[in-house]
1. I'd like to check something: does region 251-260 contain any residue that is open to solvent by less than 70 Å² (accessible area, probe 1.4 Å), more than 16 Å from PHE86 (Cα to Cα) and at pLDDT 95 or above?
2. Residues that are loosely packed, with under 13 Cβ neighbours inside 10 Å: list the strands (runs of 3 or more DSSP E) wholly contained in region 1-90 that include at least 1 such residues.
3. Look through region 264-286, keep the residues that are open to solvent by 60 Å² or more (accessible area, probe 1.4 Å) and within 16 Å of the ligand (Cβ to nearest atom), and return whichever of them is farthest from VAL60 (Cα to Cα).
4. So is ALA289 part of a helix (DSSP H, G or I), in contact (Cβ under 8 Å) with a residue 12 or more places away in the chain and away from the ligand (no atom under 15 Å from the Cβ) or not?
5. LYS234 versus (1) away from the ligand (no atom under 12 Å from the Cβ); (2) in contact (Cβ under 8 Å) with a residue 40 or more places away in the chain; (3) open to solvent by less than 30 Å² (accessible area, probe 1.4 Å); (4) over 20 Å from the mean Cα position of the chain (by Cα): which is the lone unmet condition?
6. Among the numbered conditions (1) farther than 30 Å from ALA3 by Cβ; (2) of a type outside the set (D, E, K, R); (3) not assigned by TED's automatic domain parsing to the domain that holds ALA133, tell me where LEU283 comes up short.
7. May I ask you to list the residues in region 40-73 that are among the small types (Gly, Ala, Ser), out of contact with any helix residue (DSSP H, G or I) (no Cβ under 9 Å at 6 or more places or on another chain) and touching a residue at least 40 places away in the same chain (Cβ under 8 Å)?
8. Take the residues in region 169-202 that are in contact with a Pro (Cβ under 9 Å, 6 or more places away or on another chain) and among the polar types (S, T, N, Q); name whichever of them is nearest to THR295 (Cα to Cα).
Amino acid sequence: MRAIALSDTSSAPRVLDIPTPVPGAGQVLVRVEASSLNGFDIAVAAGYLQGMMEHRYPVVLGKDFAGVVEANGEGAKKYSIGDRVFGVVMAPYLGEGGFGEYLIVSEQFGIAKVPEEVDIAIAGALGLAGAAAVASIDAVSPQAGQTILIIGATGGVGAIATQYAAATGAHVIATAKPGVETDFVRSQGAQIVVDPTGDLVAQVKAVSPSGVNAILHFAGEATALPALLMEGGKIASTLGFGPDKHPTAIAIMASADEATLNRLSADVASKQIRVPITHTYALAEVPEAIKAFPTGTLGKLAVKI
Ligand SMILES: NC(=O)c1ccc[n+]([C@@H]2O[C@H](COP(=O)([O-])OP(=O)(O)OC[C@H]3O[C@@H](n4cnc5c(N)ncnc54)[C@H](OP(=O)(O)O)[C@@H]3O)[C@@H](O)[C@H]2O)c1
């Protein structure tokens, strides 16, 4: 099968022809149709996880996946051949990934069915960013009338979190540069936009002098942020800014359990949230997309397998 993979410790991601994986006991073989780029993939491609996670070469990149169940391994019976499924590759080592024509995953964790109403391309861009967004929102539980500041609202996690926050009736202040980024975050539900290239603290204090009830930290430096919180406020961070750094901070680790995936796909099916795919790459274009990802990404960058 064709996959975007690393062949060894020193290689860059490229299209490789590798053996189609065979599902083991309790595993499902998925014919992947869609995926998307996440910061984690960029980190793997850059070699940042060397020494932190076992690499089983060839290492296929891609955390997200959506496709169709092609076969079941021994004892696996949760899904039937032909079921449309999506999720996040959660194996404790690097090896299988969503940027390949086939993928084996455990049937127990990181996989769920795609509801009829949800397009497979949308499901392929939903898993990791959606799971991080709901975990962050749940950690600070914004209430109607409260004010929430979202740093990195222009990204995949930030856009989905902005939609969830706006749906609670909270006032959303989002970071975005003037122009298309500002239009984008407003389209996701942000009411007030602050420019992250300027003095963020001063801009937020100007629009919300008594501070904000909650902060979602998805980008940039967090050390100045606690000064913006009202009494009792919380910061949820996907970047590891946790209680060791400040007592108000909660470090988020996205969990792509079946219940979370079902909640996300149901919210897409009911149109409570939209997955803001701004560009779709062909599989062979992924190495270029990985180079482009760190600068100027808006929403989700999808991959069509
Ligand atoms: N802990 C977890 O479980 C977990 C799960 C998912 C994601 N994450 C992490 O969470 C972060 C967000 O994920 P993502 O997929 O949304 O990434 P993303 O798509 O790259 O989004 C980050 C966004 O923030 C913007 N940005 C960069 N620096 C900024 C700054 N100083 N202030 C305000 N905005 C800034 C970026 O704009 P430019 O592109 O213009 O720089 C980009 O639009 C990533 O670091 C990712 O690795 C963690």
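The values are calculated or read from the model by the stated rules, or taken from the named source; none is laboratory data. This one's a predicted model, so the numbers in the text were calculated from it and none came from an experiment. Here Cβ is always computed from backbone atoms with ideal geometry, including for glycine, and neighbour counts include all displayed protein chains. These accessible areas exclude ligands, DNA and RNA; they are computed on the full protein's heavy atoms, side chains included. Shrake-Rupley method; radii C 1.70, N 1.55, O 1.52, S 1.80 Å.
1. The answer is yes, given that some residue of region 251-260 is open to solvent by less than 70 Å² (accessible area, probe 1.4 Å), more than 16 Å from PHE86 (Cα to Cα) and at pLDDT 95 or above.
2. Working: elements: 2-6, 14-17, 27-36, 64-72, 84-88.
Output list reads 14-17.
3. ARG274
4. Taking the combined requirement at face value, the residue does not satisfy it.
5. Against the list (1) away from the ligand (no atom under 12 Å from the Cβ); (2) in contact (Cβ under 8 Å) with a residue 40 or more places away in the chain; (3) open to solvent by less than 30 Å² (accessible area, probe 1.4 Å); (4) over 20 Å from the mean Cα position of the chain (by Cα), LYS234 comes up short only on (3).
6. Here LEU283 clears every test but (1).
7. Of everything in region 40-73, those that are among the small types (Gly, Ala, Ser), out of contact with any helix residue (DSSP H, G or I) (no Cβ under 9 Å at 6 or more places or on another chain) and touching a residue at least 40 places away in the same chain (Cβ under 8 Å) turn out to be ALA71, GLY73.
8. THR175
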